[in-house]
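Note sheet for the following structure.
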Amino acid sequence: AYEILSEIGETLSVIESGEVSKGGGGADIGPLMRDGVPGMGLSVDGSKYFWYHHTDADTMDKLDKEDFNECVATMAVFAYAVADIEERLPK
């Protein structure tokens, strides 16, 4: 899966958001990944992550519009490309 995802990531080099690395997972998808399900997530600047995370102030107006758009574009490209390949991603 790593090689396939790395190729997809190369298409995002113009916006510097296609770097693919192994590992990760966290509480949300970690258990699935340990069972062999390929997972994807974004590596973003987390310096302000816990300023609002899971508080009443955790609202869309806190997002940086350019960062948000880049994240959405990145996940959309990966999701579309993975859905469009003929074979399943290997475990």
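Scanning segment 27-52 for residues that are over 20 Å from ILE4 (Cα atoms) and not small (Gly, Ala, Ser) gives ASP28, PRO31, VAL44, ASP45, LYS48, TYR49, PHE50, TRP51, TYR52.
Matching residues to (1) assigned to a helix (DSSP H, G or I); (2) surrounded by 10 or more Cβ atoms within 10 Å (Cβ to Cβ); (3) among the β-branched types (Val, Ile, Thr):
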site	(1), (2), (3)
LEU5	yes, yes, no
GLY30	yes, yes, no
GLY39	no, yes, no
ALA83	yes, no, no
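One residue stands out among those in segment 57-81 that are among the acidic types (Asp, Glu) and over 18 Å from THR11 (Cβ atoms): the one that is surrounded by the most Cβ atoms within 10 Å (Cβ to Cβ), which is ASP67. For segment 46-64, does any single residue satisfy the condition of being part of a loop (DSSP other than H, G, I, E, B), out of contact with any Lys or Arg (no Cβ under 6 Å at 6 or more places or on another chain) and touching a residue at least 24 places away in the same chain (Cβ under 8 Å)? There is no residue in segment 46-64 that is part of a loop (DSSP other than H, G, I, E, B), out of contact with any Lys or Arg (no Cβ under 6 Å at 6 or more places or on another chain) and touching a residue at least 24 places away in the same chain (Cβ under 8 Å). For segment 43-56, what are the residues that are exposed (fewer than 10 other Cβ atoms within 10 Å of the Cβ) and among the small types (Gly, Ala, Ser)? Passing the criteria: GLY46, SER47.
Only residues that are within 18 Å of ILE15 (Cβ to Cβ) and either touching a Gly at 6+ places or on another chain (Cβ under 9 Å) or at pLDDT 90 or above (or both) were counted across segment 43-56, and they come to 1.
Among the candidates SER13, SER17, the residue that is modelled with pLDDT of 85 or more, touching a helix residue (DSSP H, G or I) at 6+ places or on another chain (Cβ under 9 Å), surrounded by 10 or more Cβ atoms within 10 Å (Cβ to Cβ) and of a type in the set (Gly, Ala, Ser) is uniquely SER17.
The values are calculated or read from the model by the stated rules, or taken from the named source; none is laboratory data. Source: prediction; values computed, not measured. Note that each Cβ is placed from the backbone with ideal geometry, even for glycine, and that neighbours are counted across all protein chains shown.
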